[in-house]
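The values are calculated or read from the model by the stated rules, or taken from the named source; none is laboratory data. It should be emphasised that the depicted structure is a prediction, and the values quoted were computed from it without experimental measurement. Reconstructed Cβ throughout: ideal geometry from the backbone, glycine too, with neighbour counts over all protein chains shown. With ligands, DNA and RNA removed, areas are computed over all heavy atoms of the protein, side chains included. Shrake-Rupley method; radii C 1.70, N 1.55, O 1.52, S 1.80 Å.
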Amino acid sequence: MSRTRTALLAAMALVAGATGTAFAVDPGSAGIAAVPCTVDYKIQNQWSTGFTAAVTVTNNSAAKSSWSLKWSYAGDQKVTSGWNAKLSQSGAAVTAANETYNAQLATGASVSFGFQGSYSGSNAIPATFTLDGVTCNVDDGGPGGPTDPPDPGGPSTRVNNPYEGAKVYVNPEWSANAAAEPGGSRVAGQPTGVWLDRIAAINGAGGKMGLRAHLDEALRQKGSGELVVQFVIYNLPGRDCSALASNGELKADEIGRYKTEYIDPIKAILADSKYASLRIVTTVEIDSLPNLVTNTGSRPTAVPQCDVMKANGNYVKGVGYALNKLGDVPNVYNYVDAGHHGWIGWDDNFGPTATIMKEAATAEGATVNDVHGFITNTANYSALKENNFTINDTVGGKSVRESKWVDWNRYLDELSYAQAFRNQLVSAGFDSNIGMLIDTSRNGWGGAARPTGPGATTSVDTYVDGGRYDRRFNAGNWCNQSGAGLGERPKAAPAAGIDAYVWMKPPGESDGSSKAIPNDEGKGFDRMCDPTYTGNPRNNNNMSGALADAPVSGHWFSAQFRQLMQNAYPPLS
């Protein structure tokens, strides 16, 4: 499929009957909405003394520069904390007012917020809501009516950069975890990727939302504008052959199951015409293809399992099959994982990695036109831009490339790497319009340890080490890195050749456990997640730099999230 071919907080586990849902309606012929505003109030979770709720307000009237939603409870419900709105309560009356970052509410636009409350006895849905004094969910006599279903619009027109001119989906499950942390409401409204990391995740596992539930919620968040929803396709047979913490459920030879039990069901759901108005971005199989270049054969970094995957071809076949099937859906935008500068930036990795990506993109019926772009730094920590020195600097007659940190790499940071690798991919045969994504979810490296200038010129190592933002022991360290911070907030078209900065890895979700923890997700224990580990050839035998007491990969890691907020750069306000 050609790149140019045309073509907030919701139910996690709804308590039966505890939902008050009203639907937006089309504007009348005179441009006045039959329902001036709609409110969708849902109980997410409820226990004997408390509950959490999600509220979405849609404005069908004139655009607003600020807003205030009010309702009253019939019982003794009390709001105890909230996120994405300023909540106050006097007796039974509750007011939710905008934050500074979500004050604008255009005609047809929606805004979502959530809260936790207490109650005793019954927990009835409020009967009436008013937005700036106007009663919502009531037909004013114009065309349509409050029971008309939402109209997500027609099929999405295929665009060169799906992120431009679009909102991006906020995962309500991640948002709730973030908002529950002290200060977490500052970022709880940010969009993050949804990881489909096992077959069970398609329909929802462990009480989590499944693929359809996320897409339905994306339609609700979309309103009348454009919306991108991001999914990580991540379940190859023999997955992550060099990193035990993220091993998967499928054995090395189970390519058949990958196709029929994983990719085919995902494709069937994404192809449902119900979701044709969404811009669906898929990040295809992180940390797979580069392993076939760097961790095989006679290299000191070789891993036997990676040799197995290179020999059986199932990484190439799996990626090709995913690109082919998902690429058939007109509103799906496939981005293939392209590692990061601290992995692929050396001459003997750079070109061969682009070559094997071309091989995968033309396997199993796929073509290069099924690839919309590539993503770098997924779930990694490489700094976006090192400003205190350049790759061309010299100290005492020695190039920066000779420093222990750079170690002859040609790239210092992700932006320069992503832009250069894009050119390499085009040279390898990919479309000249491909765009890059950079995951900036954990590469801010702010806080007190952030250097304000270059290091001393006493040696090339003191110069580089004193000036680099990335404070890891080695750029090969990847697991729950101590001292990391949130990076640039998600942003469309931030630099030449870059479609967007994204938070594809949800901040606060662990990379792997600090010690072996039994689980039913097929995830092992990798010593790189152990803070006492002294390293291996893949990180030049440095300490792992991992945080202690981490849970299994993908599970919420409160201590890490709090540190990421503390060290955010740009800083959080």
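Would you mind working out the magnitude of the charge dipole of the chain relative to its Cα centre, with +1 at each Lys and Arg C-beta and -1 at each Asp and Glu C-beta, to the nearest 20 Debye?
Once rounded to the nearest 20, the dipole reads 500 debye.
For a quick check: with amide H placed at 1.01 Å from N, whose amide H comes under 5 Å from S156's, ignoring anything fewer than 5 positions away on the same chain?
Those lying under 5 Å, H to H, from S156 are S277, L278.
If packing is taken as the average number of other Cβ atoms within 10 Å across a peptide's residues, how do 184-194, 42-52 rank, most packed first?
The peptides rank, most packed first, as 184-194, 42-52.
Show me, for segment 406-416, the HN-Hα J-couplings you get by feeding each phi into the Karplus relation (A = 6.51, B = -1.76, C = 1.60, θ = phi - 60°), rounded to Hz, glycine and proline as x.
6, 6, 6, 5, 8, 9, 9, 8, 6, 5, 5
Hey, what do the phi angles of segment 546-556 turn into as Karplus ³J(HN,Hα) couplings, whole Hz, using 6.51/-1.76/1.60 and θ = phi - 60°, x for Gly and Pro?
7, 6, 7, 6, 7, x, 4, 3, x, 8, 5
Which listed residue (Q566, Y234, N380) has the Cα farthest towards the positive end of the charge dipole for the chain, taking +1 on Lys and Arg C-beta and -1 on Asp and Glu C-beta about the Cα centre?
Ranked along the dipole, the leading option is Q566.
Antiparallel DSSP bridges in the chain: what percent, to the nearest 5?
Antiparallel bridges make up about 65 percent of those DSSP assigns within the chain.
What residue among N519, A428, G453 has its Cα farthest toward the positive end of the dipole of segment 402-556, where the charges are +1 on Lys, Arg and -1 on Asp, Glu, each on the Cβ?
So the residue we want is G453.
If you count only protein heavy atoms with a 1.4 Å probe, what accessible area per residue comes out for the chain, rounded to a whole Å²?
Here the per-residue accessible area is 37 Å².
Please give me the summed charge of the neighbours of D413: other residues whose Cβ is under 11 Å from its Cβ, Lys and Arg +1, Asp and Glu -1.
-1
Could you tell me which of rounded, prolate or oblate describes segment 283-343, using a ≥ b ≥ c as the square roots of the eigenvalues of the alpha-carbon gyration tensor, with rounded for a/c under 1.5 and, failing that, prolate when a/b is larger than b/c and oblate otherwise?
oblate
Per 0.36 nm of contour for each residue apart, how much would the distance between N519 and A127 grow if the chain were fully extended, relative to their Cα-Cα spacing?
Residue separation times 0.36 nm, minus the Cα-Cα distance, leaves 136.7 nm.
Which of the residue pairs K70/K167; K208/K325; K251/K317 have a Cα-Cα distance greater than 19 Å in the structure shown?
K70/K167; K208/K325
Once phi is turned into ³J(HN,Hα) by the Karplus curve 6.51 cos²θ - 1.76 cosθ + 1.60 with θ = phi - 60°, what whole-Hz value does each residue of segment 276-292 show in order, with x for glycine and proline?
My calculation for segment 276-292 gives 5, 8, 8, 9, 9, 9, 10, 9, 9, 6, 5, 6, 10, 4, x, 4, 6 Hz in order.
Let me check I've understood the local charge: for S510, count other residues with C-beta under 11 angstrom from its C-beta, Lys and Arg +1, Asp and Glu -1. What total comes out?
Value of the local net charge: -1.
Express in whole angstrom the spacing between the alpha-carbon centres of segment 92-118 and segment 497-573.
33 Å
Cβ under 13 Å from Y41's Cβ, Y41 left aside: what net charge do those residues give with Lys, Arg +1 and Asp, Glu -1?
Overall, the nearby charge balance is +2.
Pick out, in residue order, every one of the chymotrypsin sites (Phe, Trp or Tyr not before Pro) in segment 347-412 that is DSSP loop and has at most 13 other C-beta atoms within 10 Å; say none if there are none.
W408
With all protein chains present, calculate the accessible area of Y569 using a 1.4 Å probe and round the result to the nearest 10 Å².
Approximately 100 Å² for this residue.
Can you compute the FRET efficiency between T355 and W47 using 1/(1 + (r/R0)^6), with r the Cβ-Cβ distance and R0 = 45 Å? Round to the nearest 0.05.
That gives a FRET efficiency of 0.25.
Can you pull the one-decimal nm distance between simple spin-label points at K78 and V308, each 7 Å off the Cα toward Cβ?
Computed distance between label sites K78 and V308 equals 5.7 nm.
With the Cα gyration tensor of segment 178-292 giving a ≥ b ≥ c as the square roots of its eigenvalues, does the rule (a/c under 1.5 for rounded; else a/b larger than b/c for prolate; else oblate) give rounded, prolate or oblate?
oblate
Highest mean first, how do 506-518, 335-347, 76-88 rank when packing is the count of other Cβ atoms within 10 Å averaged over residues?
335-347, 506-518, 76-88
So who's got an amide H within less than 5 Å of the one on R239, skipping anything under 5 residues away but keeping other chains? H placed 1.01 Å off N, in plane.
The answer is G248, L250.
Can you list the trypsin sites (Lys or Arg not before Pro) in segment 306-400 that are in a DSSP coil and have 15 or fewer other beta carbons within 10 angstrom?
K385
Collect residues whose amide H, placed 1.01 Å from N in the peptide plane, falls under 5 Å from the amide H of S81; neighbours closer than 5 in sequence don't count.
When sequence neighbours closer than 5 places are left aside, the close amide H contacts are Q116.
How large, in percent, is the carbon and sulfur part of the accessible surface of segment 181-331 at a probe radius of 1.4 Å?
Whole-percent figure for carbon plus sulfur exposure: 52.
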